[in-house]
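First up is the structure itself, then whatever we jot down about it.
Since every read-out is calculated from the coordinates, none of them should be taken as a lab result. As the structure is a computational prediction, the values presented were derived from the model and not from experiment. FYI the Cβ positions are ideal-geometry reconstructions off the backbone, even for glycines, and counts take in every protein chain you see.
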Amino acid sequence: MSISHTRARRLVAATILALSVSLLPSASAYAHGVVGKRFFPATIATDDPFVADELSLPTVSSFREAGENGEPSTRTEEVSAEIAKRLTDEFGLSVGYGWQRLKTSGESDRTGWGNLELGAKYQLFTNAEHEALISLGVDAEVGGTGSRRVDADRFSTITPTVFFGKGLGDLPDSVAFLRPFAVTGLVGYGIPTQAKSSQRTTDPDTGDIDTDIERHPNVIEWGFAIEYSLPYLQANVRDVGLGSFLGRIIPLVEFAFETPTNRGESGKTKGTINPGFLWAGQQMQFGVEAIIPVNDRTGHDVGVRAQLHFFLDDIFPTTVGKPIFGK
Amino acid sequence: MRLVVPLLASGLLLGSAPSADAHAFLERAEPAVGSTVGTAPAALTLRFSEPLELAFSVVRVQDATGARVDRNDATADPTDRRALRIGLQALRPGTYKVTWRVVSVDTHVTTGDFVFHVAPP
């Protein structure tokens, strides 16, 4: 285990501990995903626009990605966790980390930790009447904090991002059954701290030394989720008799894309379409989605992703579930 | 094994959580959300997912003209702190809008509205 890897794990542990003991009282204006009448669930494939006290533990996924430049495809299995903590009602931080197993045909499985993921988000605009919100954030994948065995980047990537959410609860009565629809989404611009990296390899037969140069383009990260809230239907449009269990299901489709913009990769979009459902309880949420590649560049097989997600503001409403600095 | 650890941690999180309350979401209404009733109801009952702070909770029922038709006498069900009951004036056939804003015992605020219809005799 590398020194940077150990430091990263200690940093995560220290951060989670610090967040967990943040007991300063404050007001709670916008808790997890509630705007006006609308409860927006925490989406899985794309980050939602909310600043909240929440814990995703675990998120598990399995997906075979297409190989690049004629290389064989690789299945990545990942188990990850992320905690988000409000500092104020509108501003919060997040820390995420994940363990990976990479399976490539003809090679031994490789396992290790991915890079540490840090995030900051500010909920800029919230309109309860129109169930709308806009947030600004920046995410950082911290290079060198993961394992080389799983190809964790040695460089960092900084991604400023705009998030949005809109419920359709303000539609007229004539289309009341469309009111449970909502959309959330994001547009970010990933900027690597290195434009390229090189790796020297020695041919075992000839002894020749080759230098492989990998270019790291800037990437537009964009995606959105379309959801139909059965809880919203039951409580605000029409009770169709789903009951307290089925009535908590939110079917959704998430779309997640990456489009490089330079360094020879411009326009080579990769992405997935992720249909699934979320079940939102009082203190936790469970979700499962298929991962469907949108093109050959992304992959050929359908994967799966599932998540257990905790609403810390509901589990610990007087302690860690409150912003550290309230209004 | 790698999956067992986070799942155990998740279980511990829920198991160690205090007896917490959460956001109060509407689970059931009588008359039901969006329903049409043949007989004018004498009262409206709302049942939520969490116990409520009645003093900070508001329910209004209005007719199609916006006139308030409830009796402004919301009371909690003595056997169920998740339920609110409010009396209604004699309702004529028509559409009525229910607007609610409730505070759960952990101070989370939730809001909502819906309509129900009283059918002509």
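What residue among A:Gly287, A:Gly165, A:Gly70 has the largest mean-square fluctuation in a Gaussian network model of chain A, using Cα springs under 10 Å?
A:Gly70
Can you give the angle from 0 to 90° between the axis of helix A:3-20 and the longest principal axis of chain A, with both taken from C-alpha atoms, to the nearest 10?
The helix A:3-20 is inclined about 10 degrees to chain A.
Report, in listed order, any pair from A:Lys37/A:Lys322; A:Lys166/A:Lys196; A:Lys85/A:Lys268; A:Lys166/B:Lys97; A:Lys121/A:Lys270 with a Cα-Cα distance greater than 32 Å.
Flagged as over cut-off: A:Lys166/A:Lys196; A:Lys85/A:Lys268.
Tell me which of A:Ala45, B:Pro51, B:Pro78 sits at the most positive position along the dipole axis of the protein assembly as shown, charges placed on C-beta atoms (Lys, Arg +1; Asp, Glu -1).
Value: B:Pro78.
Check B:Phe48: other-chain or 5+ apart residues with amide H under 5 Å from its amide H, H built from backbone geometry?
Placed amide hydrogens put B:Glu27, B:Ala83, B:Leu84 under 5 Å from B:Phe48.
Sort all Cα-Cα distances of the stretch A:250-305 into consecutive 10 angstrom bins from zero, then give the percent of pairs in each bin up to the one containing the longest distance.
23, 38, 25, 12, 2
Compute the relative contact order of chain A as a whole-number percentage, counting only Cα pairs closer than 8 Å that sit 6 or more residues apart in sequence.
Across chain A, relative contact order equals 20 percent.
Report the Cα-based extents of the stretch A:108-253 along its three principal axes, largest first, to the nearest Å.
Projected onto the principal axes, the Cα atoms of the stretch A:108-253 cover 75, 35, 23 Å.
How large is the convex hull of the Cα atoms of the stretch B:19-118 per residue, expressed in Å³ as a whole number?
That works out to 87 Å³ per residue.
Report the calculated FRET efficiency for B:Thr111 and A:Thr319 (r = Cβ-Cβ distance, R0 = 22 Å), to the nearest 0.05.
0.30
Hey, got the dipole for the protein assembly as shown? About the Cα centre, +1 on K and R Cβ, -1 on D and E Cβ, debye to the nearest 20?
Dipole magnitude for the protein assembly as shown comes out near 880 debye.
From the P(r) of the stretch A:3-315, could you give the percentage of C-alpha pairs in the tail past 32 Å?
The calculated P(r) of the stretch A:3-315 puts 31 percent of pairs beyond 32 Å.
From Cα coordinates alone, what are the radius of gyration and Dmax values for the stretch A:218-327 in angstrom?
Taking only Cα atoms of the stretch A:218-327, I get Rg and Dmax of 18.5, 55 Å.
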